[in-house]
Amino acid sequence: MFSFVFSSQIQHHMKKMFLIFLLTSISFVSNANDSIKVNITNQVVANADNAGLILPSGFGALIAADNLGRARHIVATKQGGIYVKLERLVGGKGIIYLTDANKDGKMEVETSFGNYIGTGIAIKDNYLYASSNEDVFRYQLNENGKVTNPDNPQRIVKGLWDKRQHASKSIVLDNAGNIYVNIGAPSNSCQEVDRTKGSKGMYPCPILDSAGGIWQFKVDQTDQGYHNGVRYATGLRNVVGLDWNQQQNKLYVTMHGRDMLYTLYPNLFDTTVSAELPSETMYEINKGDDAGWPYVYYDHFQKKKVLSPEYGGDGKKAGGEKAIDPIVAFPAHMAPNALLFYTGDQFPAKYKNGAFVAFHGSWNRSPLPQEGYYVVFIPFENGKPSGQWEVFANGFSGTEVVKNPRDAKHRPCGLTEGPDGSLYVSDDVKGTIYRIVYNAK
Amino acid sequence: MKYFYFLGLIVVLSSAFVSSPVTNQSQPIIKASMDRGKIIYLQRCMACHQVDGSGGPRLNPPLDGASTVKGNDKLKLVRIIIKGMTERVEIDGEYYDNNMSANPDLTDTQIADVLNYIRNSWGNKASIVTIAEVKAARTKIK
């Protein structure tokens, strides 16, 4: 049933400008202030300019929400709502719940709650999990995907290290009643004095007892902590992106590599090498794995783990014989802040079970231009990359070249997949939530 | 006794500079100091604070326009360079998560130079920092 209430000129415009995706039952509504909405069950319309994003052909994007604040990780409910974790409180609240009552793709703030800042947010079996920089909380969800106890969640983990640097606690859940929490190392390379020229690397690195790894806790116990958590994997400097691969039933993570090779060791590295090394890495994690930080870093040019200069390295000597190798090595410093295995059916077959990674964008490449500030895709087969990574969504920064991080208007930070297979990307500069849809036939 | 004599000398020497803003006479001095300071800045500070002093949102504060950088509390500035910074403090209404490197190995001259560079580059303009001021400040920093 169609009801057109706009002029043929607008109609012509619409055709040109709007990519319509998956029509089922349609009713167009044009309202007084000239913003045209398409009200269709189970479908949305991309913005004329794809919300400023550059996407592979056949894809479109729209702004699902805007100006939310510092939107870090996001998670979609089965019903299509989205929970957003904020890094700074807005009106005293740190979690925003967005819903889309009329299904036009524009989401509205239904409620906000949680009086703590943080990054991690996840859903498993009718529970919402969210982290501050020290604790992890869980909330009950009702049949609509709405939190029933916003003001009195169960605190399942408490007292994790919050030493400012790398303090965000990303979280993900498995299918066996466990939650995995990243505890980033509050350090660049475990020097006696952090980031200071001439300061030695501590051996063994004492930080690894309490950080620089992934800890495993039970989903349903109150106030767990270091005393009863399991250090599931170590030697991971700072993991911000992590996901549970359902096909492999296994944890995968993306790590932020070390900084400042040139600043700390100008005799060994120049500014160009320092901008290009070390790799940002993705690992497949088995219980007990050690990825080698701080003793080694990965070099994607030499394709090996290289001994850190703080531990006697010279940029060539290999190290970390017992440490695992990454399954993907990206260019340096791009800051992989979110990892998501795509399980939906909306995107073309090549994307199924592949990985999306949201790169927050670099700062540590100066004086060279910065890199990242985009979402990449890596095809996967049987839990292993089956091709090269490629930029999937670019244009977040709103500028051709990002000289300095301050230039970027938006920075990708979180990813989630909607129940219809749309990919949502959060931005923690302006608090924009992008929705990417596939709209080619 | 010797120590007090030494201190007195510093006070006399430094006061000669302290009261002098950037006058025509001190122009070549500050120019030379800033040129040396720039080299130190590019090696030691640029990674975090960026070539143009713009910093990185929420990680490393901008130096361009920063009230402390342009301000008169030179002791504070010298302390920051020597000791680095690892505390959560509010800087011009914002908080930053990174740790700043310590620079215990920089000489008084080098510290004065890098401070003169950041205090008078980009949009910043401030009085000259003398070697004597750095020397005096260092004795107060433990």
* Asked: Of all the residues that make up the range A:356-394, how many are of a type in the set (Gly, Ala, Ser), in contact with a Pro (Cβ under 8 Å, 6 or more places away or on another chain) and away from chain B (no Cβ under 14 Å)?
  -> 4
* Structure fact -> Residues of the range A:392-440 being within 29 Å of A:THR77 (Cβ to Cβ) and at pLDDT below 95, in sequence order, are A:ASN439, A:ALA440
* Does the range A:432-441 contain any residue that is part of a loop (DSSP other than H, G, I, E, B) and under 13 Å from the mean Cα position of the chain (by Cα)? -> no
* Number of the condition not met by B:ALA66 [criteria: (1) within 30 Å of A:ILE117 (Cα to Cα); (2) of a type in the set (A, V, I, L, M, F, W, C); (3) within 12 Å of chain A (Cβ to nearest Cβ)] -> (3)
* Structure fact -> In the range A:347-369, anything touching a Leu at 6+ places or on another chain (Cβ under 8 Å) and surrounded by fewer than 24 Cβ atoms within 10 Å (Cβ to Cβ) is listed as A:PHE347, A:PRO367
* Asked: So which residues in the range B:92-108 are over 20 Å from A:ASN364 (Cβ atoms) and of a type outside the set (Ser, Thr, Tyr)?
  -> B:ASP92, B:GLY93, B:PRO104, B:ASP105, B:LEU106, B:ASP108
* Residue check for A:ALA176: of a type outside the set (Lys, Arg) and touching a residue at least 24 places away in the same chain (Cβ under 8 Å) -> no
* Asked: So, of the residues in the range B:70-82 that are crowded, with 22+ Cβ neighbours inside 10 Å and either within 14 Å of another protein chain (Cβ to nearest Cβ) or β-branched (Val, Ile, Thr) (or both), which turns out to be nearest to B:ARG138 (Cα to Cα)?
  -> B:VAL78
* Restricting attention to the range A:266-323, and to residues there that are more than 24 Å from the chain's Cα centre (by Cα), exposed (fewer than 14 other Cβ atoms within 10 Å of the Cβ) and basic (Lys, Arg), which single residue is nearest to A:MET202 (Cα to Cα)? -> A:LYS322
* Asked: Quick one: would you say A:THR399 is in contact with a helix residue (DSSP H, G or I) (Cβ under 9 Å, 6 or more places away or on another chain), over 24 Å from A:THR234 (Cα atoms) and of a type in the set (Val, Ile, Thr)?
  -> yes
* If you take just the helices (runs of 4 or more DSSP H) that sit entirely in the range B:36-142, which of them hold at least 2 residues that are of a type in the set (Lys, Arg)? -> B:74-83, B:131-140
* Before we move on, is A:ILE96 part of a strand (DSSP E or B), crowded, with 22+ Cβ neighbours inside 10 Å and without any contact (Cβ under 8 Å) to a residue 40 or more places away in the chain? -> yes
* State which residue is nearest to the other protein chains (Cβ to nearest Cβ) when the search covers only the range B:109-130 and only residues that are crowded, with 19+ Cβ neighbours inside 10 Å and farther than 27 Å from A:ASN364 by Cα. => B:VAL129
* Got at least one residue in the range A:145-162 being within 14 Å of chain B (Cβ to nearest Cβ), crowded, with 16+ Cβ neighbours inside 10 Å and more than 16 Å from the chain's Cα centre (by Cα)? -> yes
* Run down A:THR41, A:THR99, A:THR24, A:THR77 and say which single residue is β-branched (Val, Ile, Thr), closer than 30 Å to A:THR148 by Cβ and modelled with pLDDT under 90. => A:THR41
* Of the numbered conditions (1) within 27 Å of A:VAL273 (Cα to Cα); (2) touching a Gly at 6+ places or on another chain (Cβ under 8 Å), B:ALA126 satisfies every one except a single condition; which is it? -> (1)
* To do: Scan A:ASP220, A:ASP243, A:ASP259 and give me the residue that is within 14 Å of chain B (Cβ to nearest Cβ) and not hydrophobic (A, V, I, L, M, F, W, C).
  => A:ASP259
* Kindly indicate whether any position in the range A:116-130 is within 18 Å of the chain's Cα centre (by Cα) and of a type in the set (Lys, Arg). => yes
* Those strands (runs of 3 or more DSSP E) lying entirely in the range A:329-418 with at least 3 residues touching an Asp or Glu at 6+ places or on another chain (Cβ under 7 Å) and not hydrophobic (A, V, I, L, M, F, W, C) -> none
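Conditions (1) within 14 Å of chain B (Cβ to nearest Cβ); (2) at pLDDT 95 or above; (3) buried (at least 19 other Cβ atoms within 10 Å of the Cβ); (4) on the phi < 0 side of the Ramachandran plot, marked per residue:
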| residue | (1), (2), (3), (4) |
| --- | --- |
| A:PRO186 | yes, yes, yes, yes |
| A:SER189 | yes, yes, yes, yes |
| A:ASP194 | yes, yes, yes, yes |
| A:LYS200 | yes, yes, no, yes |
| A:PRO206 | no, yes, no, yes |
* Can you name the condition, by its number, that B:MET100 falls short on among (1) more than 27 Å from A:LEU89 (Cβ to Cβ); (2) buried (at least 18 other Cβ atoms within 10 Å of the Cβ); (3) at the interface with chain A (Cβ under 10 Å from one of its Cβ atoms); (4) of a type in the set (A, V, I, L, M)? -> (1)
* To do: Please tell me if B:ALA137 is of a type outside the set (D, E, K, R), touching a Leu at 6+ places or on another chain (Cβ under 7 Å) and more than 15 Å from B:LEU63 (Cα to Cα).
  => yes
* Can you pull out the residues in the range A:397-411 that are more than 14 Å from every other protein chain (Cβ to nearest Cβ) and under 16 Å from the mean Cα position of the chain (by Cα)? -> none
* Residue ID - farthest from A:ASN182 (Cα to Cα), chosen from residues in the range A:204-218 that are part of a loop (DSSP other than H, G, I, E, B) and among the hydrophobic types (A, V, I, L, M, F, W, C) -> A:CYS205
* **Candidate set from the range B:83-97 (those that are more than 13 Å from A:ARG195 (Cα to Cα) and crowded, with 17+ Cβ neighbours inside 10 Å); member that is farthest from the other protein chains (Cβ to nearest Cβ)** => B:TYR96
* Asked: Can you pull out the residues in the range A:168-180 that are crowded, with 22+ Cβ neighbours inside 10 Å and either within 14 Å of chain B (Cβ to nearest Cβ) or over 30 Å from A:SER274 (Cα atoms) (or both)?
  -> A:SER168, A:LYS169, A:ILE171, A:VAL172, A:ILE179, A:TYR180
* Asked: Within the range A:49-91, can you find the residues that are within 18 Å of A:SER112 (Cβ to Cβ) and of a type in the set (D, E, K, R)?
  -> A:ASP66, A:ARG70, A:ARG72, A:LYS85, A:GLU87, A:ARG88
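The values are calculated or read from the model by the stated rules, or taken from the named source; none is laboratory data. Worth saying up front: this structure is predicted, and the values here are computed from it rather than measured. No Cβ is skipped: glycine too gets one built from the backbone with ideal geometry, and neighbour counts run over all protein chains shown.
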